[in-house]
Amino acid sequence: MRWRTGAFGAAMTFVSVSAMAQDMARPTRATPSRWTDSEVALGVFEHGANFHPLGSQLFFPDPPPGQFYDGSEEDGTVDVQLAYRTAPLPIRWALKPRLAAKVQINTAGRTSFASVGAEWRQHAFKGRVYGQLGIGLSIHDGYRYTPDPFEPGLADAEALRRYRIYRNRTAFGSRFQLNPNASLGVRLNERWAAELAWEHYSHHQWFSKQNPGIDNVGVRLVRTLGR
């Protein structure tokens, strides 16, 4: 079983470390003010990527043929993500976060997520490259617990239906998930940027002991709004 219970604490550590950096959203000669406007983004992600930078292992070994890990039932499908970010809020004690809203839709009929949260950004190389860390709260349309296909007395058709769910859907243990995330962006021009992004969903065992979590890795195309 792949437990990812350290995600929330590690994400909070990342955000705390960012406090030691300069004000992330302050326009400078190297960071045009337009780059601190609100944004919309469109992304494509591998759903259930075998990658987890906040745990004890960066990658997990593949299971033997014919077997699977709890939490890996949905691995390898594709998500489309739509995102909106506000301009940095003028809250100095909170390091001027951007508020973010995301909808991540699975194209294979597996679990989809919607989340809201905050993100912090740091520019480098005259504003052409930036790193971003975030934390959010999400809700999903999947299973808290999948039905038991081995329950005694089930009809064959019902047992088969449940088994298909058991093999293809992840039981997240809670309707609500935490959403630590990170991205690395490159400015293509004053309006557009491309990002390599990581999105994690788990609930830190806050709501139940069942907490497989899921990691998603993908790319986003970002459009800066404003004049």
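Derivation of every value follows stated rules applied to the coordinates shown; laboratory data play no part. The structure presented is a predicted model; accordingly, all values stated were derived computationally and were not measured. When we count neighbours, we look across all protein chains shown, and the Cβ atoms used for this are built from the backbone with ideal geometry, even at glycine.
What to note about this one:
- Bridging of residue 126 to aspartates and glutamates at a Cα separation below 15 Å is possible for 23, 190, once same-chain residues fewer than 8 apart are set aside.
- FRET efficiency, residue 137 to residue 91 (Cβ-Cβ, R0 22 Å, nearest 0.05): 0.75
- Per-pair calculated FRET efficiency, R0 = 30 Å: residue 38 and residue 108 via Cβ, rounded to 0.05: 0.45
- Shape analysis of segment 104-227 based on the Cα gyration tensor places the equivalent ellipsoid semi-axes at 39, 15, 10 Å, largest first.
- Centroid-to-centroid, using Cα positions, segment 146-177 and segment 193-227 are 26 Å apart.
- For segment 122-130, 3J(HN,Hα) computed residue by residue from phi via the Karplus equation (6.51, -1.76, 1.60; θ = phi - 60°) reads 10, 8, 8, 6, 6, x, 7, 10, 8 Hz, glycine and proline entered as x.
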